[in-house]
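A quick write-up on the structure given underneath.
The values are calculated or read from the model by the stated rules, or taken from the named source; none is laboratory data. Given the structure is predicted, the values throughout are model-derived calculations rather than measurements. Cβ coordinates were reconstructed from backbone atoms using ideal geometry, including for glycine residues, and neighbour counts include every protein chain displayed.
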Amino acid sequence: MKLLSPHLQAHLDEGTTTLAWCWRIMRADGITFGFTDHDRTLGFDGTDFEPESGLTASEVRSGSDLSVDAQDAEGVLTSDRITETDILDGRWDNAEIEVWRVNWADVSQRVLMRRGAIGQIRRGRLAFVAEVRSLAHVLGQTVGRTFQASCDAALGDGRCGVDLEAPAFKGTGAVIDLLRDRAFTASGLDGYASGWFTFGTLKWTSGANAGRRTEVLGHGVTDGIAVLTLLEAPVRAVGEGDGFTIRAGCDKRIETCGMKFANTANFRGFPHIPGQDAVLRYATKDGGHEGAIL
C-alpha cells in the first residue's frame, strides 16, 4: 500500500486531477536523466524532467509472489539525450529507475510508484520500448560460489589475484586496417604470442569509441602483425589509428591458470568434479569399475 501525503490525497479526492508520470533514470556511468509524459518540464529533488522524450507508460503490475513485475515505458527518439547509438552501445542497460506519479500543478504532491532497473529495450525505426523491472529481478541472480570444473572468478579480481596491470598481461596498440566490422590488424602487439589476448578485454583510448570496453573473441598473428577479432562489432565506427589498451584473457581452465598466469593456488574451479559421464554411467561387464574418470 502506498502512503500518500494529505495534500496529494485531497487532490485525488477532488475527482478532477492534474497528474503526470515522471521517470528518473540513473545510468551506470553516473549520469542522471529525468523524463515526463507532461507537456512541459517538471522539476523536483534536483532533477529536471523533460517532456521532449515522448515517454508514455503502461499499467503498473504488482504481484504478491516473488515474480518479477514489469512495466513498459514507450517513447520516440526525439530527446537529444536518448540516442539510438547509446541504446545499441548498452549505456542504458540495467540503469536504475524511479517511477513517480506527480501532480504537475504542484510537484510537491507526488508518490514513488516503483523503483527498479531497465531490462530489455526493443527498438523500432522511430520508437523504443524499455522494460522497467521491479527490484525482484535481483532475486534471480546467482549469489555465492558455483561448483563447476572451470574457474568462476573474474580474471584480475580479488579472488583471482592476477595483476592485469603488469606488462606481461597488458598491451597498448592502434588500429592499422579494418578487416571486417569487428576484426582489424593492430600495431604495438609484436611481443605477444598468438592467442595471448583471446577472451581478454579491450578498452578504446581514442577515436569514436573512446572509453568503451569490449571483449576480445580472438587474437592471431599473420605475417608478424596482430589480428584482433572482437566479440561484438563496436556501435561507432572504428578508424585507422584508433588507440586501445588490451589485457590478457583466460579460458578458465586450470591448465591455463598454471601455465599462463602461474596462479594455480588461486584457481577457483573444481577440475576434478565428476561430470555428466559419471552421472550417466551404467554397469558393464568389460571393466571400467575402478572409480576413475571415464
Segment 19-33, residues that are of a type in the set (A, V, I, L, M) and under 30 Å from ALA105 (Cβ atoms): LEU19, ALA20, ILE25, MET26, ILE31
Residue check, GLY241 surrounded by fewer than 12 Cβ atoms within 10 Å (Cβ to Cβ), within 25 Å of the chain's Cα centre (by Cα) and farther than 22 Å from ALA168 by Cα: no
Members of segment 4-34 that are more than 17 Å from ASP93 (Cα to Cα) and touching a residue at least 24 places away in the same chain (Cβ under 8 Å): LEU4, SER5, HIS7, LEU8, HIS11, THR17, THR18, LEU19, ALA20, TRP21, CYS22
First in segment 250-268 and within 16 Å of ALA193 (Cβ to Cβ), second anywhere and of a type in the set (S, T, N, Q), Cβ under 9 Å, 6 or more apart: CYS250/THR256; ASP251/SER150; ASP251/THR198
Output for segment 100-123, where each listed residue is surrounded by fewer than 19 Cβ atoms within 10 Å (Cβ to Cβ) and in contact with a Phe, Trp or Tyr (Cβ under 9 Å, 6 or more places away or on another chain): VAL107, SER108, VAL111, LEU112, MET113, ILE121, ARG122
Verdict on PRO234 being modelled with pLDDT under 90, surrounded by 14 or more Cβ atoms within 10 Å (Cβ to Cβ) and part of a loop (DSSP other than H, G, I, E, B): yes
Of residues in segment 268-294 being assigned to a loop (DSSP other than H, G, I, E, B) and among the acidic types (Asp, Glu), the one modelled with the highest pLDDT: ASP286
Options ASP106, ASP65, ASP80, ASP48: the member that is of a type in the set (Asp, Glu), at pLDDT 80 or above and in a loop (DSSP other than H, G, I, E, B): ASP106
